[in-house]
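The values are calculated or read from the model by the stated rules, or taken from the named source; none is laboratory data. Not measured: the values here are computed from a predicted model. Don't worry about glycine lacking a Cβ; one is built from the backbone with ideal geometry, like all the others, and counts go over all protein chains shown. Heads up: the accessible areas ignore ligands, DNA and RNA and are worked out on the full protein's heavy atoms, side chains in. Shrake-Rupley method; radii C 1.70, N 1.55, O 1.52, S 1.80 Å.
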Amino acid sequence: MEELISRAAADLARSKYAVALTGAGMSTESGIPDFRGPNGVWTKDPSAERRAYLAYDKYLSNPSAYWEERLSTPSVLGNLGDYLPNPGHYALAQMESFGVLKTVITQNVDNLHQTSGSQHVLDYHGNAFKLRCPACLSRYTLDDYDLAELRQARHLPPLCNNCGGPLKPDTVHFGEPIPPDVAEHSLEEAGLCDVMLVCGTSAVVYPFAELPRLARLRAKVVIIEVNAEPTPLTIEGISSYIIKGKTGEILPRICEQVERIKKG
Ligand code: APR
């Protein structure tokens, strides 16, 4: 493992444009369960995943019923406001502060990359602390609306202050298009990078899992996986190499060596 950590640090230190792609495996060491790992939310309760596949159609067909159900059902991830970043998040934020990491494209909705100090974060599957208007792409924080009061007054769904359309949580549901602004920016980043650090994702959900495949079309791109287990990216040879283990342990060790190399 030490040799691979040194190799990753060298690849990142000499990169011109490194980006990180992250998944739920970044946040398990903060206490947030992942989805498909041994203790994953979908692994332990497949019916919860089936229900999650119905959410977007519910929003489209009856936004007020969707919101009524949403506000009366606890999130499968618990109260995301209770969790803190772990050393893996801070390592990515530090590598951004060295000017090595340009962007984090995350599937996680927990806002922990932002909380740990990462400035350039693309919330590919949205952000649990925001609301979004699918019609005009306006985004709001949860504080901008008193959802409990709207529910009490039977005035759900919350309506967009810009266009009047029904708002939804910024979190992207299965079957829902990735917000075009985020999708476009993510494609640009995947097209610009010469090193891609893929951390804590099973890489089975599309279109996110397409991003490393797009980067691989450019032979010179180094794609580094940091994950507890091999993924289709490993098996299909999309990634250049995998460092198997915990993101919260491996990323700080990579970051430490990158800092040493950059400081000469
Ligand atoms: N360190 C490294 N890898 C880890 C750790 C850890 N501490 N904890 C878990 N993992 C690995 C798991 O073994 C698994 O391979 O991270 C991966 C997490 O995969 P998933 O649970 O499938 O999560 P993710 O890839 O983010 O899922 C993508 O699916 O349900 C949707 O919208 C949801 O964004 C999510 C998307």
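Each residue in the stretch 66-91 was checked for being touching a Pro at 6+ places or on another chain (Cβ under 9 Å) and open to solvent by 70 Å² or more (accessible area, probe 1.4 Å), and 4 of them qualify.
Residues are listed down the side, and each one gets a yes or a no for (1) of a type in the set (S, T, N, Q); (2) at pLDDT 95 or above:
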site	(1), (2)
35	no, yes
51	no, no
61	yes, yes
67	no, yes
74	no, no
84	no, yes
96	no, yes
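Of the helices (runs of 4 or more DSSP H) lying entirely inside the stretch 1-85, those containing at least 2 residues that are in contact (Cβ under 8 Å) with a residue 40 or more places away in the chain, outside the structural domain of residue 264 (by TED's automatic domain parsing) and more than 21 Å from the chain's Cα centre (by Cα) are 55-61, 63-72. Here residue 263 does not qualify as near the ligand (Cβ under 9 Å from one of its atoms) and open to solvent by 50 Å² or more (accessible area, probe 1.4 Å).
The lone criterion from (1) over 23 Å from residue 182 (Cα atoms); (2) in contact with a Leu (Cβ under 7 Å, 6 or more places away or on another chain); (3) open to solvent by 60 Å² or more (accessible area, probe 1.4 Å) left unmet by residue 129 is number (1).
Go over the candidates 114, 119 one by one and state the one that is out of contact with any Phe, Trp or Tyr (no Cβ under 8 Å at 6 or more places or on another chain) and part of a helix (DSSP H, G or I).
114
Scanning the stretch 145-185 for residues that are within 16 Å of the ligand (Cβ to nearest atom), out of contact with any Pro (no Cβ under 9 Å at 6 or more places or on another chain) and within 30 Å of residue 220 (Cα to Cα) returns a single hit, 182.
So is residue 203 open to solvent by less than 10 Å² (accessible area, probe 1.4 Å), within 12 Å of the ligand (Cβ to nearest atom) and at positive phi or not? Lay out the reasoning, then the answer.
Numbers: open to solvent by less than 10 Å² (accessible area, probe 1.4 Å): yes; within 12 Å of the ligand (Cβ to nearest atom): yes; at positive phi: yes.
It is true that residue 203 is open to solvent by less than 10 Å² (accessible area, probe 1.4 Å), within 12 Å of the ligand (Cβ to nearest atom) and at positive phi.
Scanning the stretch 175-199 for residues that are open to solvent by 20 Å² or more (accessible area, probe 1.4 Å), more than 14 Å from the chain's Cα centre (by Cα) and aliphatic (A, V, I, L, M) returns 187, 192.
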